[in-house]
Structures are given as structure tokens and as C-alpha cells.
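Each remark here refers to the structure printed beneath this line.
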Amino acid sequence: MNLFERYEVLEDPRDIRGKRYKLIDIIIMTIYGILNKHEDFNNIAYFLDLNSEYFVKLLEIECGKTPSHDCLSDVYAAINPQKFMEVFIEWTKDIVQIKSGNVINIDGKAVREAQDKINGGNIPYIVSAFLSDIGISIGQVKVGDKSSEYTAIPELLDLIDIKGCTITIDAAGTYTPIAEKILSGPV
């Protein structure tokens, strides 16, 4: 399935009034921005604006311009993150059907640029699965506020296909239930 077919199932929660961009168009433009090493909505919007003519023509955007950083931020805040991640993982599986290797690195990281200033300055943490041979992340799960990597790693393992792969993980994943889940493979 291509990107359009994969993301067709993702519900667009936005009100139809004032909606200028199709959800799939915003997803595609964001992916372009990320692939061009832009890591936040301000920089992605700036990149899109610099290449506005290309995107307007490519995606046949009726309003004639690319979305602002506020528009991008609002869309990603509104969509279901779990469903988005499921679709993203399925899409990356399509891309990586024939793996150049079978090593998956699992690790947790602090997302320092996303400090939650409203809720006391908490820094969000994510656990990622990364295909090191190809250089692509195949899944991420947010670590709960009052939780640890220990509880997020099993959720991530449920999302990705680890059959036949070698899993690398740091000390945060050295708990018997996690090791058993890795050894037993997908449920």
C-alpha cells in the first residue's frame, strides 16, 4: 500500500469549516520536512514556505500556499497519536519489506525541546525502535508521566515485528518480562 492508502483510515478530527488542507497533504508535507532534517513545526513550515510552489503543484492545494506552523501543530495535536503511530509503522514496514539487516535497537530518550512548561516543566520521554542498518525509526511510544521505560517497552514491542531480528536494549530493558516478550516474539 502506498502512503495515501495507508493514511486513508486515519480519522480527520478537524471541523470542516475553515479547513484548507487535506489531512493526507499535511502528513505528506510534514514527512518531506522531517526528511529534510527539520525537527519542529516552525522549521517545517518555513521549509514548506520556501518550497511552496512545488507543494502547491504536487498536492494541488487549492488555497495556493502551504500551512503555517500553527496549522501543522493544531492538526498533530488533534489526531489520535496511537492510530497515527500504527499507520506509520505499517507504512514503514512497506518501505522496509526487505531489511538490509535484522538488528533493532530499542532505547529511551528525553525529548528536551518539547519541555512541557504548562505542567511544571516536565520533559517527555519516548522509547524508540530503530533499524540501525537502514537508519529508520520503525516505532515510538511515549513513556507515561508517572512511569518508566520498563512499562513502555512492552507497548512498543506489541507495535513492531521483531520476528527473526536481533534486539539490542540498554539496562532499562533488562527485566524478565521484557526478555520473555522478546524471546516469545509477536503475540
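Where a number appears in this text, it was derived from the coordinates with a stated rule and is not lab data. The shown structure was predicted, so the numbers you read here are calculated from the model rather than taken from an experiment. A quick note on method: Cβ atoms are made from the backbone with ideal geometry, for glycine too, and the neighbour counts reach across all protein chains shown.
What are the ³J(HN,Hα) couplings of segment 171-182, residue after residue, when phi is run through the Karplus curve with 6.51, -1.76, 1.60 and θ = phi - 60°? Round to Hz, x for glycine and proline.
Ordered by residue, 3J(HN,Hα) equals 4, 4, x, 8, 10, 3, x, 5, 4, 5, 5, 5 Hz.
For the Cα atoms of the chain, what angle does the longest principal axis make with the long axis of helix 81-95, in degrees from 0 to 90, nearest 10?
Tilt relative to the chain: about 80 degrees.
To two decimal places, what compactness ratio does segment 3-82 give when its Cα radius of gyration is scaled by 2.2 N^0.38 Å?
1.03
For helix 69-78, what angle does its Cα long axis make with the longest principal axis of the chain, in degrees from 0 to 90 and rounded to 10?
50 degrees
Compute the helix-to-body angle for 23-35: its Cα long axis versus the longest principal axis of the chain, expressed 0 to 90° and rounded to tens.
Helix 23-35 sits roughly 70 degrees off the main axis of the chain.
If a/c stays under 1.5 just call it rounded; otherwise compare a/b with b/c (prolate if a/b is bigger, oblate if not). Do that for the chain, with a ≥ b ≥ c from the square roots of the Cα gyration tensor eigenvalues.
Cα axes put the chain in the prolate bin.
I'd like the trypsin sites (Lys or Arg not before Pro) in segment 129-165 restricted to DSSP loop residues with at most 13 other Cβ atoms within 10 Å, sorted by number.
Here the trypsin sites (Lys or Arg not before Pro) that fit, given the DSSP loop and packing criteria, are Lys146, Lys163.
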